[in-house]
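Scroll down for the structure; my scribbles are underneath it.
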Amino acid sequence: MDRAAFKQRMNAYRQKLGQQMLDGFLVTREVNVHYLSGFTGDSSWLLVTRQEAFLLTDSRYTEQARQECLECHVVLVKESLEKTAAALAAAESVHRLGFESDFMTVAQHQRLAMAAALHPELVPSVDLCSALRQFKDEYELKWLREAAALGDRALTQLKPHLRPGITEREIGNRLNILMIEAGSEGLSFETIVASGFRGALPHGVPSDKPLEKGDMVTLDFGCIRKGYHSDMTRTFILGAPDPEQKARYELVLAAQMRAIEAIRPGRNTREIDAIARNLIKAAGFDENFGHGLGHSLGLEIHESPRFSPIAPPVVLEPGMLLTVEPGIYVPGWGGLRIEDMVLITEEGHDILTKFPKTLEDMTIIC
Ligand code: ZN
Ligand code: ZN
């Protein structure tokens, strides 16, 4: 990422400070420090003032910080982060210093308050960064697209191994290796493999259960590139689907595709959730779809906003990226989910995960 892009991020952030009547902000949440400064280490804080930005770090990271943080002064912490931050804020004439009250610990706050004494004034604030992180810029989208493509590639390579007899754990392990071999920096989260009756667990981690003919097999997984996470789910069917499997698969697929078709700037998150939910409800599976329709993602696997029936509605704007992942989970029978990453564009939307998903594509003859 180049210097101009970081400058732009920092300027947008400073505008938010102004709106909050703050003349300084202490960013302590690791992912936000990374987002604003480019720093990829840990145990470091970022002090943003109206004019300057300072990365506070210890001797393990000073050299790395100088290389990564193009728009920050790197400050060596000798005693404690709290003392260094308080002294620096005072020296930079910060009067009202905001901090992320959802993420600072009580002990950190006590030490900071003691070090700051009366100056600067510590002002509890929300996470101002998350509002910026809702909108993905070109740099972020490049890596998010690549992470999504790695997931597609890994699943394509995994598909021939989905046979009766192999266990969920073996499938999970193989998929993880394929993702890493494809170039993923890690796993977005612990890969989910749930087959047969275990499909009723929306977040079933792989077990020693072998796959059997007639099973539906749900795989939910993601890759990471430059810190950016992908997330996708596909449900395969081992053998020709029975009428119940067919009907339920077509229902979830229709719910997902109708919701995606409606995604465009101006629609809100609750409306999109309702499109999928109402279809599932009309088929009598209201009780079997307990989670929200989807979530944003980026430097973290779950970000805001979300497609949800209960969260406050958020109007969709270009640059937002969310998953669309309806599912139904029936105890004793099993379950299924289909998930894609969908970018909101000026014209409508763009689906980043490309792996096919028709019932025919998902059926494995065995
Ligand atoms: Zn997922
Ligand atoms: Zn997801």
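No lab work stands behind these numbers, since they all come straight from the coordinates. This structure is a prediction, so every number in the text was calculated from the model and none was measured. Note that we place each Cβ from the backbone using ideal geometry, even for glycine, and neighbour counts take in every protein chain shown.
Of note:
- Inter-centroid distance (Cα atoms) of segment 129-169 relative to segment 334-366, Å: 12
- With a simple spin-label model that places each label point 7 Å from the Cα along the Cα-to-Cβ direction, the separation between C366 and L70 comes to 4.9 nm.
- Rounded to the nearest 10 degrees, the angle from helix 81-91 to the longest Cα principal axis of the chain is 50 degrees.
- Overall Cα dimensions of segment 113-219, principal axis frame, Å, largest first: 69, 31, 21
- Note on K83 and R258: the model spin-label points, each 7 Å out from Cα along the C-beta direction, lie 6.4 nm apart.
- Of all segments of the chain bounded by chymotrypsin sites (Phe, Trp or Tyr not before Pro) found in a DSSP loop with no more than 16 other C-beta atoms within 10 Å, the longest spans 190-332.
- Full-extension gain in nm, D42 to Q19, via 0.36 nm per residue minus C-alpha separation: 5.4 nm
- Per the chain, cysteines lacking a partner by the 4.7 Å Cβ criterion: C129, C223, C366
- Angle between the chain longest axis and helix 168-182 axis [Cα atoms, degrees, rounded to 10]: 50
- Approximating the spin labels as points 7 Å out from Cα along Cα→Cβ, the H119-to-K281 distance works out to 5.8 nm.
- Under 5 Å from the amide H of M320 lie the amide H atoms of K136, I344, each residue being 5 or more positions distant or on a separate chain, with H modelled from the backbone and absent for Pro and chain starts.
- Contact order relative to length of segment 138-364, as percent, for alpha carbon pairs under 8 angstrom and 6 or more apart: 23
- Convex hull volume of the C-alpha atoms in the chain, normalised per residue: 145 Å³.
- E138-E244 FRET efficiency (beta carbon distance; Förster radius 56 Å; 0.05 resolution): 0.80
- With Cα atoms as the point set, the radius of gyration and Dmax of segment 3-133 evaluate to 13.2, 37 Å.
- Computed E for V330/H302 - FRET, C-beta separation, R0 22 angstrom, nearest 0.05: 0.30
- GluC sites (Glu not before Pro) restricted to segment 1-97 and DSSP loop, no more than 12 other C-beta within 10 Å: E79
- DSSP finds beta bridges in segment 138-364, and of those with both partners inside it, around 95 percent are antiparallel.
- Relative contact order (percent, whole number), segment 3-133, Cα cutoff 8 Å, 6+ residue spacing: 25
- Relative to the longest principal axis of the Cα atoms of the chain, the long axis of helix 106-116 makes an angle of roughly 20 degrees.
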